[in-house]
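Trainee: Structure incoming, see below.
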Amino acid sequence: MARDIDQQIAATQAKLARLKERQKASETRRKIIVGSVAISNALKESDKARALAAMLRRTVTRDVDQKEIAGLLDELDEVAAKAGRQ
């Protein structure tokens, strides 16, 4: 009987772990989609490019993350600067 309960607990814990993995994967997919939309729109409109670049500079503080987005910041700055030249 105790073995049966232990097996049920183990099965429930395994199911919970799988559900948590699915939730995390869903959250990651959502972040990717939202980020992709935000970046693509910002690369088309100078005001959005300027705003996104400013937000990223203000909020991304880890060196490794700053290095990762350096190219994107350059692209955003270029789009923002084009509006001033037109």
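Trainee: I'd like to know if segment 19-39 contains one or more residues that are in contact with a helix residue (DSSP H, G or I) (Cβ under 9 Å, 6 or more places away or on another chain), surrounded by 10 or more Cβ atoms within 10 Å (Cβ to Cβ) and either at pLDDT below 95 or not small (Gly, Ala, Ser) (or both). If you could, list the steps in order and put the result at the bottom.
Mentor: Looking only at segment 19-39, we keep the residues that are in contact with a helix residue (DSSP H, G or I) (Cβ under 9 Å, 6 or more places away or on another chain), and these are 38-39.
In the following step, the residues that additionally are surrounded by 10 or more Cβ atoms within 10 Å (Cβ to Cβ) were identified as 38-39.
Pick out the ones that are also either at pLDDT below 95 or not small (Gly, Ala, Ser) (or both) and you get 39.
Checked segment 19-39: at least one residue is in contact with a helix residue (DSSP H, G or I) (Cβ under 9 Å, 6 or more places away or on another chain), surrounded by 10 or more Cβ atoms within 10 Å (Cβ to Cβ) and either at pLDDT below 95 or not small (Gly, Ala, Ser) (or both).
Trainee: Within segment 21-55, which residues are of a type in the set (A, V, I, L, M, F, W, C), closer than 22 Å to Ala83 by Cα and out of contact with any Asp or Glu (no Cβ under 7 Å at 6 or more places or on another chain)? Break it down stepwise before answering.
Mentor: Initial filter on segment 21-55 (of a type in the set (A, V, I, L, M, F, W, C)): 25, 32-34, 37-39, 42-43, 49, 51-55.
Within this subset, residues satisfying the condition of being closer than 22 Å to Ala83 by Cα are 37-39, 42-43, 49, 51-55.
Scanning segment 21-55 gives Val37, Ala38, Ile39, Ala42, Ala49, Ala51, Leu52, Ala54, Met55.
Trainee: Starting from segment 38-66, take each residue that is among the aromatic types (Phe, Trp, Tyr) and list its partners that are in a loop (DSSP other than H, G, I, E, B), counting only C-beta distances under 6 angstrom and pairs at least six apart or across chains.
Mentor: Cβ pairs passing all conditions: none.
The values are calculated or read from the model by the stated rules, or taken from the named source; none is laboratory data. The shown structure was predicted, so the numbers you read here are calculated from the model rather than taken from an experiment. When we count neighbours, we look across all protein chains shown, and the Cβ atoms used for this are built from the backbone with ideal geometry, even at glycine.
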